[in-house]
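What follows is a single structure, written as structure tokens, with notes after it.
The values are calculated or read from the model by the stated rules, or taken from the named source; none is laboratory data. Remember, it's a predicted structure, so these values are computed and weren't measured experimentally. All Cβ positions, even for glycine, are placed from backbone atoms using ideal geometry, and neighbour counts span all protein chains on display. Each accessible area value is taken on the protein alone, full model and side chains, heavy atoms only, with ligands, DNA and RNA left out. Shrake-Rupley method; radii C 1.70, N 1.55, O 1.52, S 1.80 Å.
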Amino acid sequence: MAQKYKELVKDCAIKILNKWPQFRYDGYKNLWIFKPLGSSSGNGVVVLNDEDKIRRQFLFLKMTTYVAQKYIERPMLIHDRKFDIRIYFMTFIRDKFVHIWLYKDCYIKFATYSFTCDSFNKSIHVTNYAIQKYFMNAADEVPGAKENMWTLTQLIDYFQTIDEPRL
């Protein structure tokens with residue numbers, strides 16, 4: 001009987017995903033991330049979910065222009081941490097041709113603490129080193145990471161050890 005219900009739930013989930021492809025990322029907490037234009041190093045980045053707080057925050061800071069983006073509430077995680085991949089490239093357009101030079105390596109930056117949508121602490125949501133350096137310690141380190149960062153080779157090695165990415 002349990003197997004029957006398991007199959008029914010699986011079929012229902014597939015139907016939902018067919019109608020709502022972003023479901024696995026959207027979440028239900030209505031989180032939004034705000035980034036000030038012209039800022040760097042993770043400065044001024046905030047995650048909010050309360051409409052009144054959002055209005056107050058930006059009425060108070062009306063001199064600054066922000067980029068607002070729906071926050072991915074179910075990101076892919078590595079060792080339960082949010083991460084991003086920093087890739088350097090250069091583009092050049094000449095005679096209607098676009099030339100792209102891609103640097104041969106990249107690096108992967110991790111948040112210090114395990115991902116949760118229950119806290120808006122920058123140590124969880126902003127992977128920038130300028131922010132994370134204030135939170136890092138050996139007890140919270142991602143295996144094999146140096147200053148919460150991996151090389152591309154470490155990322156490839158990690159992906160080869162797992163069956164599929166956990167979302």
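Which is on the phi > 0 side of the Ramachandran plot, loosely packed, with under 15 Cβ neighbours inside 10 Å and of a type outside the set (D, E, K, R), of HIS99, HIS79? If you could, list the steps in order and put the result at the bottom.
Details: HIS99 fails: on the phi > 0 side of the Ramachandran plot.
Sole residue among the options that is on the phi > 0 side of the Ramachandran plot, loosely packed, with under 15 Cβ neighbours inside 10 Å and of a type outside the set (D, E, K, R): HIS79.
Across segment 105-139, the qualifying residues are those that are buried (at least 17 other Cβ atoms within 10 Å of the Cβ) and of a type in the set (Lys, Arg), and the one among them that is modelled with the highest pLDDT is LYS109. Out of segment 39-56, which residues are among the small types (Gly, Ala, Ser) and open to solvent by 40 Å² or more (accessible area, probe 1.4 Å)? Selection gives SER39, SER40, SER41.
Per the conditions (1) in contact with a Leu (Cβ under 8 Å, 6 or more places away or on another chain); (2) modelled with pLDDT of 80 or more, the sole criterion not satisfied by THR65 is (2).
So how many residues does segment 1-38 have that are surrounded by 14 or more Cβ atoms within 10 Å (Cβ to Cβ), modelled with pLDDT under 80 and not in a helix (DSSP H, G or I)? Count: 1. Condition check for ASP157 on (1) surrounded by 11 or more Cβ atoms within 10 Å (Cβ to Cβ); (2) modelled with pLDDT under 90; (3) out of contact with any strand residue (DSSP E or B) (no Cβ under 7 Å at 6 or more places or on another chain); (4) not in a loop (DSSP other than H, G, I, E, B): one failure, at (2).
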